[in-house]
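First the structure, in the form of structure tokens, and then the observations on it.
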Amino acid sequence: MKNLSIILLLLLCSTKINSQSLAFNTDSEDAKVKSGTFNFQLSEKKNAGLAIAYSLLLPGMGELYADGYDTGIYFTVADGVFWGALAGLNIYGNWQKDNYKSFAQSDGGISNSGKDEDYYANISSYISIYEFNREKELNRQFNQVYDVKTHYWDWKTNNERRKYREMWSSSENAYNSIRFAVGALVLNRIVSAINAVRLVNKYNKGLEENLSWNISVGLVNDPNLPSGISLSFVKTF
């Protein structure tokens, strides 16, 4: 109502309307009315594209934009949990990786310089480089045979090898689980974007059902009366 009052005041101040002319005059055959209609809507519609962009940037923000953060807050909390899991898995994986490398150096007699991931996987399955090389030679996989001078290892017992393998497996499992955390982050954004679009559509539909005003402005030309302006108001729900 405040906006409507301002609009009426501007119209009245700018046209010098005679008090006798603020009415519809249909009695005179000579009266000529030129009119136009202005529609004023109290709120603007939300943009679904913006809602999607906000949700992809941070889940829940699209719902906040669509005035539906009561459901969006769950996506924001879930995003925080997934990021925390991602960081935790990465830290744990690195910690176990440092542990198994130190253990292999002290108990397996290896040198960590210039070793790839396949090497650390292989020494978890064979008690020594000699056992590994012998198997590769029997299978005629000569290109996979290690140089004893640079890739030597020799576990004293199978218990030591198994202890090493447990640390190596824990690290690998943590790194593999990171993929699931990343997938959860992506899925959370997609679901949030879909939900945000749904809320935007609901919001825009609600606007159409809310109160709106149509103002019809007409210029009255009657030879028996001074020129004036006629106003009519229609409110719809």
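The values are calculated or read from the model by the stated rules, or taken from the named source; none is laboratory data. None of these values were measured; they are calculated from a predicted model. Please note: Cβ atoms are built from the backbone with ideal geometry, for glycine as well, and neighbour counts cover all protein chains shown.
Observations on the model:
- Residue match in segment 32-44 (condition: at pLDDT 50 or above, surrounded by 15 or more Cβ atoms within 10 Å (Cβ to Cβ) and not β-branched (Val, Ile, Thr)): no
- Boolean, Leu138 is in contact (Cβ under 8 Å) with a residue 40 or more places away in the chain, over 24 Å from Phe75 (Cα atoms) and out of contact with any helix residue (DSSP H, G or I) (no Cβ under 6 Å at 6 or more places or on another chain): no
- Tally of residues being closer than 28 Å to Leu89 by Cα, hydroxyl-bearing (Ser, Thr, Tyr) and in contact with a Gly (Cβ under 9 Å, 6 or more places away or on another chain) across segment 133-169: 1
- Residue pairs whose Cβ atoms lie under 8 Å apart, sitting 6 or more positions apart in sequence or on different chains, and linking a residue in segment 178-198 that is at pLDDT 95 or above to a partner that is part of a helix (DSSP H, G or I) and among the acidic types (Asp, Glu), are Leu185/Asp79; Asn188/Asp79; Arg189/Asp79; Ser192/Glu63; Asn195/Glu63; Ala196/Glu63.
- Test for Glu131: is it among the acidic types (Asp, Glu), modelled with pLDDT under 95 and out of contact with any helix residue (DSSP H, G or I) (no Cβ under 8 Å at 6 or more places or on another chain): no
- Selection within segment 149-164 - of a type in the set (Phe, Trp, Tyr) and in a helix (DSSP H, G or I): Tyr164
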